[in-house]
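Here's the structure, in structure tokens; my notes come after.
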Amino acid sequence: MPDVFADLVGQDEAVVELRRAAAAAAAVLRAGVADRAPALVAADPASGDESAPGAVDPSTGMTHAWIFTGPPGSGRSVAARAFAAALQCRHGTGCGQCPGCHTTMGGTHADVRMVVPEGLSIGVGEMRALVLRAASTPSGGRWQVVIIEDADRLTEAAGNALLKAIEEPPPRTVFLLCAPSTHPDDISVTIRSRCRVVPLRQPPAAAVAEVLVRRDGIAPDVAQWAAAAAQGHVGRARRLARDPEARKRREAVLAVPRRLTGVGAAFDAASALIEAAEAEAAASVTEADTAERAALETALGAGGTGRGAAGAMRGAAGQLKELEKRQKSRATRAQRDALDRALVDLAGFYRDALTMALRAPVAPVHTDTAALAGAGAQKWDAEGALRRLEAVLACRAAIEANVKPRIAVEAMMLALWKG
Ligand SMILES: [Zn+2]
């Protein structure tokens, strides 16, 4: 039976650090000193020079606030959840077998709360409620753990509410934040200064392929292909290996370069790319939207015929509107994500053309379009391939900076055609 860190692919250094911290946290509980030493930093003898309460232990041991950083797909939330399990583990190791490990990994542990923002931001109301609940005594007698995925999407007010909790941490509460980086755009400097950072790297393709074979039972050749094509994104690799629709969408994206035969074709390709992203996003959120609306309507008593029903429905209109707003924001996010995945695939193609033009001894990202990339390399040379790669990356940056996706993609397609 693998332990809780088994799915954290290619992150050996981070795992060593987290194991050490979990052991230190278990020692704190054994000694029963947590309630008297809220800052946790005195827990490890190696950190004897630490004295200021609330300060972050720079070396080993346990602390109450963590940030997991790394590129998308590197396993930030996987790492946070595994660490939470190790903290709740009866043996303090993340054995993977005791009830604490099991319920945390299954998402049902009473003292582990996971915030997964669905829209473009996490609001202050949600954060205040969370901080309040996090301050209560852990029912299992170990730790209250709060995991915040996409902590880069905290609103300023929500960030301040969180900061207050991190500055004056309840004795048994641990905050685990996940963000792309510790850049001030992602995490405020003050929150960053109170947290220990665990950097994750893009896992190597071989490590991703190995976990697909071991954990998901995927055939080794398929796993290797998917791991390379996903460029180190574990979740994406699994989807490519298992979902024929995801493979079809990827193929359509990789067909773009050979379709760019003129201005009209470039605009057509832009439309096709945008519409494919919209369709993919719609497919991913429609089911959740319908279920949420039905649940809210039931809760509000829709369909009721009693005297109070009409009045209740008038008050309910505001709540339904609120829900629609949230769902719209989630749909926008899903479209952006889908489009970005397509652009990453496309960038991989031109990167292959570039490395071939340079005769660099590296494996192609997309083995199935390697011949096409090779033809491109001959036609464009390294310089032309680089210009095209840059056009794709510029498109991603523009969309990130809130340029309308259609405009950014059209500009990119024209640049790809003209070279
Ligand atoms: Zn365990």
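Below, the figures for the structure above:
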{"read-out": "List 95, 395, ordered by accessible area with a 1.4 Å probe, largest first", "value": "95, 395"}
{"read-out": "Burial order of peptide ranges 291-297, 122-128 (average beta-carbon count within 10 Å, highest first)", "value": "122-128, 291-297"}
{"read-out": "Percent accessible area from carbon and sulfur atoms, the chain, protein chains only, probe 1.4 Å", "value": "55"}
{"read-out": "GNM flexibility winner over the chain from 406, 201, 238 (Cα, springs under 10 Å)", "value": "406"}
{"read-out": "Total lysine pairs under 23 Å (Cα atoms) in the chain, excluding pairs fewer than 8 apart on one chain", "value": "4"}
{"read-out": "Cβ-derived FRET efficiency at R0 45 Å, residue 288 paired with residue 139, nearest 0.05", "value": "0.95"}
{"read-out": "At least 24 Å along the helix axis (C-alpha) and Kyte average at least -1.0, DSSP helices within the chain", "value": "12-31, 263-299, 309-357, 370-400"}
{"read-out": "Residue among 166, 147, 399 with the largest mean-square fluctuation in a Gaussian network model of the chain, springs linking Cα atoms under 10 Å", "value": "399"}
{"read-out": "In Hz, Karplus ³J(HN,Hα) per residue of region 195-204 (6.51, -1.76, 1.60; θ = phi - 60°; x = Gly, Pro)", "value": "10, 8, 9, 10, x, 9, 10, 5, x, x"}
{"read-out": "If the convex hull is drawn through the Cα atoms of the chain, its volume per residue in Å³", "value": "172"}
{"read-out": "Of 385, 347, 299, the one that fluctuates the most in a GNM where the chain has Cα springs shorter than 10 Å", "value": "299"}
{"read-out": "Extreme residue, positive dipole direction of the chain, given options 24, 226, 264 (C-beta unit charges)", "value": "264"}
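The values are calculated or read from the model by the stated rules, or taken from the named source; none is laboratory data. Every value quoted in this text rests on a predicted model; they were computed, and no experiment measured them. Cβ atoms come from the backbone with ideal geometry, glycine included; neighbour counts cover every protein chain shown. For accessibility, only protein heavy atoms count, side chains too; no ligands or nucleic acids. Shrake-Rupley method; radii C 1.70, N 1.55, O 1.52, S 1.80 Å.
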